[in-house]
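To start, the structure under review is shown below, and the notes come after it.
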Amino acid sequence: MKKRKMYKQIQAFKRQGYSRNEIASELDINPRTAAKYYKMDEREYRAYRQQHMFRDKVFEEYEKDILEVYKENEFQRLNMAAVYDYLEERYGVLPANEQTLRNYIDYLIQTDKLRLAEKIRLYRKVPELAFGRQMQLDFGQYRFGSGVKLYIFAALLSASRYKYVIFQGHPFRTKEVIHHLLNCFLYFGGVPEEMVIDQDNLMVVSENAGDIIFTEDFKYFIQEQEIRMYVCRAADPESKGKIESLIKYVKRNFLAIRDFKSVEEANESLSTWLRRRANGKISQATRQIPALLIEYEREKLRPVRNSIFRKDSLLGREERNANDKAYISVDACMYQLPLKYRNRTVEIYVTKQKLFAFDLYTGEEILSYELSPIPGKIISKREYRREKEKTAQELKAIVSDMFEGESWKRFTTRNFKRFQRYVRDQCLEAKRYFMGKEIELEVLEQALRYCLENETLSFSNLNDTYAYFKRESKASNDSFQQPQTLEWKSQALYEPLNVSKRSLSLYKELITKRERQHESL
């Protein structure tokens, strides 16, 4: 059916004296079409238009489904793309495009087969922002007729209108919001400069006249990721109108015309809908496809950082080899692992402020360190040097049996009693100082008696005392053997010397002569 505009043009040319063929040539239309409208007056054209207005009814076979969708939504006006998407998902390839469906629904409305209950709300348009500048975040809820209730997490990049939505079956907790945000950043391919939220108690404790106080975990997260926050004031929906529209779009376009029995089923269908519809079709706001614009926006987004809230995920981990002293190197610093990880490979996860190490095979966390800002520093913890695979009783038994003798037994017994809280550390020191080394038992006995008498009962003191008595013993042995060695050398290497002797009279003569010289002067 030709539009009313064509009829008016043909009638205008007719009044100017153009023939039918001349009109067909001027408008570049079929001469038969020009002849048909040329001879119609306005009364005939109105009757003709009314008769042929809705002759294209390729969607007539879907009329029952269309009416059922509007009924379930209480006859609210639906996004035409949502209805088309629903039919497309249910029946596959459709016989016509969205505009044809729009015409058919207009036919249902004008013939009173479909009556809508409309409420109009006015919004103020917010200026568009640059790529990478802002992301808006909001939450929602929806309950199906089956009784399943979904809690909605929705995020949107303001410039490209690229969308991310996920459902869960229970109210959000702060750490769950952070987890969804990290997934959202990975989905977007980066982190924006600013995030717009409302005063949700999952993230904000109070506004305090502009001095925003965030919850503890969320404050740590935004500092870790270096995100600037914009918190909307109460009763100020225009500041985040884009994300509020997305929540409504999800409810009306996706949820309203579907029913799910579980959250998992809903999320599976949602991911397809996001790719095909929400991000794959032209946005009414930008007149462009978000899935294409995101490629430009990703160039402006900051890379996603590892987060302490995602340390248990395999994403972001890397393998690292420990040396023979169980140290691993991270950013020019050395961090010690438990001794059993010497010469083994572990997984590490590095955030802005912390280092986490994980067992390569079990995936369990081994330890964590605060990252050192000083390059070249060697960092360790006393408890990581302990042999945790052995119990304290096993270590005490090993140390007690290292030497025989009453003094050693008395010393170890008193040591374990004196250092009850540090018995494991004392046992490790005993093994380090005395196990597997050549120990002079007589010197050790002397050191043991001295430490017992003077109440210096740590193995470190015993080691120092042993070293002292060992030096003294060696010096004493050296001084005792030295004269014998010299005597042997004098007898074996040198002949006896003959020393001449002078008379005392010679010395008296020299003295007398010197006195006479002084008198003459």
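Computed quantities for the displayed model
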| item | result |
| --- | --- |
| In nm, spacing of pseudo-spin labels at Ser407 and Ser269 (7 Å Cα→C-beta vector) | 8.6 nm |
| Amide hydrogen neighbours beyond the local backbone of Asp138, cut-off 5 Å, H modeled | Ala154 |
| Too-long pairs where the Cα-Cα distance tops 20 Å, listed order kept, from Lys175/Lys261; Lys219/Lys354; Lys381/Lys417; Lys340/Lys381 | Lys175/Lys261; Lys381/Lys417 |
| Cα→Cβ-extended label distance, 7 Å offset, between Lys5 and Arg471, nm | 10.6 nm |
| Cβ-derived FRET efficiency at R0 51 Å, Thr362 paired with Thr100, nearest 0.05 | 0.30 |
| Linear extension gain, Gln223 paired with Leu339, 0.36 nm per residue minus alpha-carbon span | 38.3 nm |
| Nearest-0.05 FRET efficiency for Asp65 and Leu292, computed from C-beta distance (R0 45 Å) | 0.90 |
| Extended-chain gain in nm, criterion 0.36 nm per residue less alpha-carbon gap, Phe144 and Arg43 | 31.3 nm |
| Label-point gap, in nm, between Glu194 and Asn461 - each point 7 angstrom along Cα→Cβ | 6.7 nm |
| Loop GluC sites (Glu not before Pro), segment 81-181, which have at most 16 other Cβ atoms in a 10 Å radius of their Cβ (DSSP) | Glu118, Glu128 |
| Cβ-placed point charges (K, R +1; D, E -1), dipole of segment 147-202 about Cα centre in debye, nearest 20 | 260 debye |
| Linear extension gain, Lys377 paired with Lys417, 0.36 nm per residue minus alpha-carbon span | 10.8 nm |
| Ranking by accessible area, most exposed first, for Tyr466, Tyr433 with a 1.4 Å probe | Tyr433, Tyr466 |
| Which of Ile439, Tyr450, Leu428, positive extreme of dipole for segment 416-483 (C-beta unit charges) | Leu428 |
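The values are calculated or read from the model by the stated rules, or taken from the named source; none is laboratory data. Treat the numbers as computed from the prediction; the structure is a model and nothing was measured. Every residue, glycine among them, receives a Cβ derived from its backbone with ideal geometry; neighbour counts consider all protein chains shown. Each accessible area value is taken on the protein alone, full model and side chains, heavy atoms only, with ligands, DNA and RNA left out. Shrake-Rupley method; radii C 1.70, N 1.55, O 1.52, S 1.80 Å.
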